[in-house]
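Asker: Sending over a structure as structure tokens; questions will come in a sec.
The values are calculated or read from the model by the stated rules, or taken from the named source; none is laboratory data. Owing to the predicted nature of the structure, the values given are computational and were not obtained by experimental measurement. Reconstructed Cβ throughout: ideal geometry from the backbone, glycine too, with neighbour counts over all protein chains shown.
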Amino acid sequence: MQDGICVSSHIRLAIAPGVPSRQLSALLALQREEEPEVAITLSEVSNDALMLGLREGRYDAGLAFSDAANASLHSQPLWREEMAIATPLRHPLLEKAALSLNDVADYPVFRWRTEICPLLEQQIACLPEKPCDIQYVTSFELMAMWVVAGYGIGITAQSRLASARAWDICMRPFADAPFEIITHLLRLNEEPTLACERFAHRALRVAKAETD
């Protein structure tokens, strides 16, 4: 399948930290299967660098937890992941099957800053009794290290905790309304190349398969 113009045979894709690797792998595999002649260049960049690179034309598309904060960018929600609470073994909170934000507020909480969940941030800030002691870390591995060592609890995507059971981390869901992190496909708010448009449709197919 050819677009007839050279620029369309190459997609420059920027990936922000934390984008789920399982869904991304499925998307890239589908792209390679259906359109192997289109080259994909991956760049791992910060969220801010991704937004700037899209606006300056250095990337054709990006995947990030943030939606478009600029009118020049178009944002398409893709896959969603629920957040959960991580505790060490034999933690007092494990007596409950699900935990509320008020339960969490009694302990230091480690967060990976890249996992953006506006609803969670808003409700943590509005806790009536006492504020949460939030400590931000630069990776999931650092969050897990502090939790396993007993310095507090963590809040992160359920899928990450499910894949980290060998770390002796326990997981509890939220009893409050579900808190989600959403991966967005970001592009310039203009007519895309045909190759980019087909890539976006494949991303939506992967997202739909997650919910079927």
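Every residue, every condition in (1) surrounded by fewer than 13 Cβ atoms within 10 Å (Cβ to Cβ); (2) closer than 20 Å to Glu44 by Cβ; (3) aliphatic (A, V, I, L, M), yes or no:
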position	(1), (2), (3)
Phe110	no, no, no
Cys117	no, no, no
Glu121	no, no, no
Ile155	no, no, yes
Arg165	yes, no, no
Pro173	no, no, no
Glu191	yes, no, no
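Asker: With respect to Val147, determine if the residue is within 23 Å of Leu27 (Cα to Cα) and surrounded by 20 or more Cβ atoms within 10 Å (Cβ to Cβ). Walk me through how you get there before you give the answer.
Answerer: Working: within 23 Å of Leu27 (Cα to Cα): no; surrounded by 20 or more Cβ atoms within 10 Å (Cβ to Cβ): yes.
It is false that Val147 is within 23 Å of Leu27 (Cα to Cα) and surrounded by 20 or more Cβ atoms within 10 Å (Cβ to Cβ).
Asker: Just to be sure, is Asp3 surrounded by 14 or more Cβ atoms within 10 Å (Cβ to Cβ), at pLDDT below 95, closer than 18 Å to His184 by Cα and charged (D, E, K, R)? Break it down stepwise before answering.
Answerer: Working: surrounded by 14 or more Cβ atoms within 10 Å (Cβ to Cβ): yes; at pLDDT below 95: yes; closer than 18 Å to His184 by Cα: no; charged (D, E, K, R): yes.
No, not satisfied.
Asker: Here's another thing I want to ask about it. Can you name the residue in the range 149-198 that is at pLDDT 90 or above and in a loop (DSSP other than H, G, I, E, B) and is also farthest from His91 (Cα to Cα) among such residues?
Answerer: Within the range 149-198, the match that is farthest from His91 (Cα to Cα) is Phe179.
Asker: Related question: Only one of (1) more than 25 Å from Ser46 (Cβ to Cβ); (2) of a type in the set (D, E, K, R); (3) surrounded by 17 or more Cβ atoms within 10 Å (Cβ to Cβ) fails for Asp106. Which number is that?
Answerer: Every listed condition holds for Asp106 apart from (3).
Asker: Which one of these is surrounded by 17 or more Cβ atoms within 10 Å (Cβ to Cβ), charged (D, E, K, R) and under 18 Å from Gln23 (Cβ atoms): Glu81, Glu44?
Answerer: When all the criteria are applied, what remains is Glu81.
Asker: For the range 65-113, name all the residues that are among the polar types (S, T, N, Q) and in contact (Cβ under 8 Å) with a residue 40 or more places away in the chain. Before the answer, list the steps.
Answerer: To start, the set of residues in the range 65-113 that are among the polar types (S, T, N, Q) comprises 66, 70, 72, 75-76, 87, 100, 102.
Correct list: Ser66, Ser72, Ser75, Gln76, Thr87, Ser100.
Asker: Could you check Trp146 against (1) part of a helix (DSSP H, G or I); (2) touching a residue at least 60 places away in the same chain (Cβ under 8 Å) and say which number it fails?
Answerer: Of the numbered conditions (1) part of a helix (DSSP H, G or I); (2) touching a residue at least 60 places away in the same chain (Cβ under 8 Å), the odd one out for Trp146 is (2).
Asker: I've got another one for you. Quick one: Val206 ticks every box in (1) within 16 Å of the chain's Cα centre (by Cα); (2) within 27 Å of Ile124 (Cβ to Cβ) bar one, so which box is it?
Answerer: With respect to (1) within 16 Å of the chain's Cα centre (by Cα); (2) within 27 Å of Ile124 (Cβ to Cβ), Val206 is out only on (2).
Asker: Being touching a residue at least 12 places away in the same chain (Cβ under 8 Å), in a loop (DSSP other than H, G, I, E, B) and out of contact with any Gly (no Cβ under 6 Å at 6 or more places or on another chain) is the filter; apply it to the range 47-64 and report the residue that is nearest to Arg187 (Cα to Cα). Let's see the steps before the verdict.
Answerer: Initially, the range 47-64 is screened for residues touching a residue at least 12 places away in the same chain (Cβ under 8 Å), giving 47, 49-51, 53-55, 57-64.
Next, from what is left, pick out any that are in a loop (DSSP other than H, G, I, E, B): 57-60.
With out of contact with any Gly (no Cβ under 6 Å at 6 or more places or on another chain) added as a condition, the list becomes 57-58, 60.
Working: Gly57: 10, Arg58: 11, Asp60: 6 Å.
Among residues in the range 47-64 that are touching a residue at least 12 places away in the same chain (Cβ under 8 Å), in a loop (DSSP other than H, G, I, E, B) and out of contact with any Gly (no Cβ under 6 Å at 6 or more places or on another chain), the one nearest to Arg187 (Cα to Cα) is Asp60.
Asker: Can you find, within the range 53-69, the residue that is nearest to Phe179 (Cα to Cα) among those that are surrounded by fewer than 16 Cβ atoms within 10 Å (Cβ to Cβ) and over 19 Å from the mean Cα position of the chain (by Cα)?
Answerer: Checking each candidate, the answer is Arg55.
Asker: What about Ile182, is it closer than 26 Å to Leu63 by Cβ, out of contact with any helix residue (DSSP H, G or I) (no Cβ under 8 Å at 6 or more places or on another chain), surrounded by 14 or more Cβ atoms within 10 Å (Cβ to Cβ) and touching a residue at least 12 places away in the same chain (Cβ under 8 Å)? Walk me through it before giving the result.
Answerer: On the way: closer than 26 Å to Leu63 by Cβ: yes; out of contact with any helix residue (DSSP H, G or I) (no Cβ under 8 Å at 6 or more places or on another chain): yes; surrounded by 14 or more Cβ atoms within 10 Å (Cβ to Cβ): yes; touching a residue at least 12 places away in the same chain (Cβ under 8 Å): yes.
Yes, satisfied.
Asker: A further question on this structure: Going residue by residue through the range 142-149, is there one that turns out to be in contact with a His (Cβ under 6 Å, 6 or more places away or on another chain), over 18 Å from Val19 (Cβ atoms) and not hydroxyl-bearing (Ser, Thr, Tyr)? Explain how you work it out, then say what you get.
Answerer: The initial filter retains those residues of the range 142-149 that are in contact with a His (Cβ under 6 Å, 6 or more places away or on another chain), namely none.
Checking the range 142-149: not a single residue is in contact with a His (Cβ under 6 Å, 6 or more places away or on another chain), over 18 Å from Val19 (Cβ atoms) and not hydroxyl-bearing (Ser, Thr, Tyr).
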